[in-house]
Amino acid sequence: NAGVTQTPKFQVLKTGQSMTLQCAQDMNHNSMYWYRQDPGMGLRLIYYSASEGTTDKGEVPNGYNVSRLNKREFSLRLESAAPSQTSVYFCASRGDLVGHGYTFGSGTRLTVV
Amino acid sequence: GNSVTQMEGPVTLSEEAFLTINCTYTATGYPSLFWYVQYPGEGLQLLLKATKADDKGSNKGFEATYRKETTSFHLEKGSVQVSDSAVYFCALYYNQGGKLIFGQGTELSVKP
């Protein structure tokens with residue numbers, strides 16, 4: 001099925017551990033995004049990539065890094081996890097047409113203890 | 001800057017009641033406006049959209065009209081069902097910024 005695939009779906013980390021969240025889309029979209037969702041705060045943009053080879057910071061980039069490996073894949077890395085990074089993470093992609101909405105993955109629920 | 005403000009939830013309604021979820025925005029230029037829905041344990045799905053003033057987006061009985069004069073994009077449905085229970089997000093996209101900006105979300109609970 002066409003769409004955005006995120007892995008893993010669930011993860012528990014200890015403070016200080018590192019991990020990479022994977023995201024891949026098969027819709028040939030140029031733009032990809034990473035959001036985090038916290039209760040009462042909606043979705044906040046962490047990083048985005050307008051095209052292959054480019055990445056830009058969003059609203060809450062501290063503590064994260066990203067890699068746009070190719071047009072399909074956009075990964076998010078936590079180098080040294082902190083409890084404040086406990087959240088649900090969503091990857092999304094967007095086509096280039098004006099008014100084109102985002103397609104979201106099903107999310108990764110991350111707990112840092 | 002650009003921002004989206006939604007009415008606070010949770011909103012609790014009885015089945016077949018009329019639904020309004022208010023959304024107002026602040027933006028430079030002429031953004032596109034969206035409503036997304038998130039069912040429990042799932043990602044966000046596009047519900048409807050409008051790309052210019054006075055456009056009406058509609059889907060699954062939900063409607064929203066892009067009102068430039070009041071900078072609003074309120075979501076309405078004439079008769080809600082239990083299956084409409086979800087979190088609803090209003091969002092705007094402006095081409096110059098290349099990013100989707102979300103409101104904080106409104107939780108809707110529909111009781112039988």
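The values are calculated or read from the model by the stated rules, or taken from the named source; none is laboratory data. Being a predicted model, the structure only gives us computed values, none of them experimental. FYI the Cβ positions are ideal-geometry reconstructions off the backbone, even for glycines, and counts take in every protein chain you see. For accessibility, only protein heavy atoms count, side chains too; no ligands or nucleic acids. Shrake-Rupley method; radii C 1.70, N 1.55, O 1.52, S 1.80 Å.
Condition check: of a type in the set (A, V, I, L, M), open to solvent by less than 60 Å² (accessible area, probe 1.4 Å) and touching a residue at least 12 places away in the same chain (Cβ under 8 Å). Does B:LEU13 satisfy that? Explain how you work it out, then say what you get.
Working: of a type in the set (A, V, I, L, M): yes; open to solvent by less than 60 Å² (accessible area, probe 1.4 Å): yes; touching a residue at least 12 places away in the same chain (Cβ under 8 Å): yes.
Criteria met by B:LEU13.
Residues checked against (1) open to solvent by 60 Å² or more (accessible area, probe 1.4 Å); (2) within 10 Å of chain B (Cβ to nearest Cβ):
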| site | (1), (2) |
| --- | --- |
| A:PRO39 | yes, yes |
| A:ILE46 | no, no |
| A:SER87 | no, no |
| A:GLY107 | no, yes |
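Residues are listed down the side, and each one gets a yes or a no for (1) of a type outside the set (S, T, N, Q); (2) buried (at least 20 other Cβ atoms within 10 Å of the Cβ); (3) over 24 Å from B:PRO10 (Cβ atoms); (4) at pLDDT 95 or above:
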{"site": "B:GLY43", "(1), (2), (3), (4)": "yes, yes, no, no"}
{"site": "B:LEU47", "(1), (2), (3), (4)": "yes, yes, no, yes"}
{"site": "B:ARG67", "(1), (2), (3), (4)": "yes, no, yes, yes"}
{"site": "B:SER83", "(1), (2), (3), (4)": "no, no, no, yes"}
{"site": "B:GLY97", "(1), (2), (3), (4)": "yes, no, yes, no"}
{"site": "B:LYS111", "(1), (2), (3), (4)": "yes, no, no, yes"}
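Is it the case that the range A:63-84 has a residue that's buried (at least 19 other Cβ atoms within 10 Å of the Cβ), part of a strand (DSSP E or B), hydroxyl-bearing (Ser, Thr, Tyr) and at pLDDT 95 or above?
Scanning the range A:63-84 turns up at least one residue that is buried (at least 19 other Cβ atoms within 10 Å of the Cβ), part of a strand (DSSP E or B), hydroxyl-bearing (Ser, Thr, Tyr) and at pLDDT 95 or above.
Name the residue that is nearest to the other protein chains (Cβ to nearest Cβ), counting only residues in the range A:1-37 that are closer than 17 Å to A:THR111 by Cβ and part of a loop (DSSP other than H, G, I, E, B). Talk me through it step by step, then tell me what you get.
Narrowing the range A:1-37 to residues closer than 17 Å to A:THR111 by Cβ: A:6-21, A:36-37.
Adding the requirement that they be part of a loop (DSSP other than H, G, I, E, B) leaves A:8-9, A:14-18.
Working: A:PRO8: 14, A:LYS9: 10, A:LYS14: 25, A:THR15: 26, A:GLY16: 29, A:GLN17: 25, A:SER18: 25 Å.
That would be A:LYS9.
Within the group B:LEU92, B:LEU47, which residue is within 29 Å of A:VAL4 (Cα to Cα), more than 9 Å from chain A (Cβ to nearest Cβ), aliphatic (A, V, I, L, M) and touching a Leu at 6+ places or on another chain (Cβ under 6 Å)?
Selected residue: B:LEU92, the only one of B:LEU92, B:LEU47 that is within 29 Å of A:VAL4 (Cα to Cα), more than 9 Å from chain A (Cβ to nearest Cβ), aliphatic (A, V, I, L, M) and touching a Leu at 6+ places or on another chain (Cβ under 6 Å).
Going by the structure shown, is A:SER51 at pLDDT below 95, within 14 Å of chain B (Cβ to nearest Cβ), crowded, with 20+ Cβ neighbours inside 10 Å and closer than 22 Å to A:GLY95 by Cα?
The answer is no for A:SER51.
Given the criterion farther than 27 Å from A:VAL4 by Cα, within 14 Å of the chain's Cα centre (by Cα) and within 14 Å of chain A (Cβ to nearest Cβ), identify the matching residue among B:THR20, B:THR24, B:THR65, B:THR5.
Just a single option satisfies the conditions, and that option is B:THR5.
I'd like to verify a number: residues in the range A:1-38 that are touching a residue at least 60 places away in the same chain (Cβ under 8 Å) and of a type in the set (D, E, K, R), how many?
Within the range A:1-38, residues that are touching a residue at least 60 places away in the same chain (Cβ under 8 Å) and of a type in the set (D, E, K, R) number 2.
Any residue at all in the range B:95-112 that is basic (Lys, Arg), within 12 Å of another protein chain (Cβ to nearest Cβ) and more than 13 Å from the chain's Cα centre (by Cα)? Give the steps one after another, and end with the answer.
At the first step, the residues of the range B:95-112 found to be basic (Lys, Arg) are B:99, B:111.
With the extra rule that they be within 12 Å of another protein chain (Cβ to nearest Cβ), the set shrinks to B:99.
From the residues that got through so far, the ones that are more than 13 Å from the chain's Cα centre (by Cα) too are B:99.
Yes, the range B:95-112 contains a residue that is basic (Lys, Arg), within 12 Å of another protein chain (Cβ to nearest Cβ) and more than 13 Å from the chain's Cα centre (by Cα).
Can you tell me which condition B:SER79 does not meet? The list is (1) open to solvent by less than 60 Å² (accessible area, probe 1.4 Å); (2) at the interface with chain A (Cβ under 10 Å from one of its Cβ atoms); (3) among the polar types (S, T, N, Q), and all the others hold.
(2)
Taking into account only those residues within the range B:32-41 that are more than 9 Å from chain A (Cβ to nearest Cβ) and crowded, with 22+ Cβ neighbours inside 10 Å, which is nearest to B:ASN22 (Cα to Cα)?
Step by step, filter the range B:32-41, then rank; the result is B:TRP35.
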